[in-house]
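Structure, as structure tokens:
The values are calculated or read from the model by the stated rules, or taken from the named source; none is laboratory data. As the structure is a prediction and not an experimental result, all values here were calculated from the model. So basically every Cβ, Gly included, is an ideal-geometry build from the backbone, and we count neighbours across all protein chains shown. Heavy atoms of the whole protein, side chains included, go into the accessibility calculation; ligands, DNA and RNA do not. Shrake-Rupley method; radii C 1.70, N 1.55, O 1.52, S 1.80 Å.
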Amino acid sequence: MELNKRQNEILEIVKLDGPITGEQIAERLSLARATIRPDLAILTMAGFLDARPRVGYFYSGKKPAQSVTDEMIGMKVGDFQSIPVVVSENVTVYDAICQMFLDDVGTLFVVDKSSFLTGVLSRKDLLRTSLGNTELDKIPVHVIMTRMPNITFCKKQDSLIHVAKKMMDKQIDSLPVIVNKGEGLEVVGRITKTNITAAFLSLAEEHDL
């Protein structure tokens, strides 16, 4: 719901000085009480304002939908990314499993000698390899990892909403955040479903949704 100029002015007045009566709001706007009655009704029914008899109007804490939408679109990966857990492509599957448990993550990013991204290891990759295999300390992770160009990644400036959709479409739990160095992709962060959930929850709390 998009509010008009007068409705936004009424919201600002109530936020600053509420509770406040309809007559007082009309006086601030140099208008008749009857003129703003439809605006007050719309704002109240939409949940932006609350009204109590003999008390007046007060701000309910709800923000205009457009404001919430704009903030959601403006959320960038770089503002919510976390530290990536990176392993060398020569590390064994056994060591990778230990690393995953020690860092309590669901995805490991594999890099070459130049520290450029070459692969991704998920819990499923490690579990699949572990089943019935007793020589995990002899298998290097580059044998079982998902390789480029089949790796989905993102950049700091990407929209969090677009990245969330990408993760849902690909059914993956974590993406590496990369910087293209020309000769390769440097891993500078990771974005997970947990990061995205926390970001949208913070938005909901900020706007009292």
Contact list, first residue from the range 79-105 and under 21 Å from residue 157 (Cβ atoms), second anywhere and assigned to a strand (DSSP E or B) and of a type in the set (Lys, Arg), beta-carbon distance below 7 Å, six or more apart or interchain, is 81/190; 82/190; 84/190
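For the structure I just gave you, tell me whether residue 184 is in contact (Cβ under 8 Å) with a residue 12 or more places away in the chain, closer than 15 Å to residue 77 by Cβ and either surrounded by fewer than 15 Cβ atoms within 10 Å (Cβ to Cβ) or not hydrophobic (A, V, I, L, M, F, W, C) (or both). Walk me through it before giving the result.
Working: in contact (Cβ under 8 Å) with a residue 12 or more places away in the chain: yes; closer than 15 Å to residue 77 by Cβ: no; either surrounded by fewer than 15 Cβ atoms within 10 Å (Cβ to Cβ) or not hydrophobic (A, V, I, L, M, F, W, C) (or both): yes.
Spelling it out, it is not the case that residue 184 is in contact (Cβ under 8 Å) with a residue 12 or more places away in the chain, closer than 15 Å to residue 77 by Cβ and either surrounded by fewer than 15 Cβ atoms within 10 Å (Cβ to Cβ) or not hydrophobic (A, V, I, L, M, F, W, C) (or both).
Residues are listed down the side, and each one gets a yes or a no for (1) at pLDDT 95 or above; (2) among the charged types (D, E, K, R); (3) crowded, with 16+ Cβ neighbours inside 10 Å:
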| residue | (1), (2), (3) |
| --- | --- |
| 37 | no, yes, no |
| 47 | no, no, no |
| 59 | no, no, yes |
| 64 | no, no, yes |
| 71 | no, yes, no |
| 74 | no, no, no |
| 87 | yes, no, yes |
| 92 | yes, no, yes |
| 108 | yes, no, yes |
If we ask which residues in the range 153-171 are in contact with a Ser or Thr (Cβ under 9 Å, 6 or more places away or on another chain) and at pLDDT 95 or above, their number turns out to be 0
For the range 170-177, state whether one or more residues are more than 16 Å from residue 75 (Cβ to Cβ), open to solvent by 50 Å² or more (accessible area, probe 1.4 Å) and of a type in the set (Lys, Arg).
yes
When the range 148-161 is checked residue by residue, the ones that are open to solvent by 70 Å² or more (accessible area, probe 1.4 Å) and over 14 Å from residue 80 (Cα atoms) are 148, 149, 150
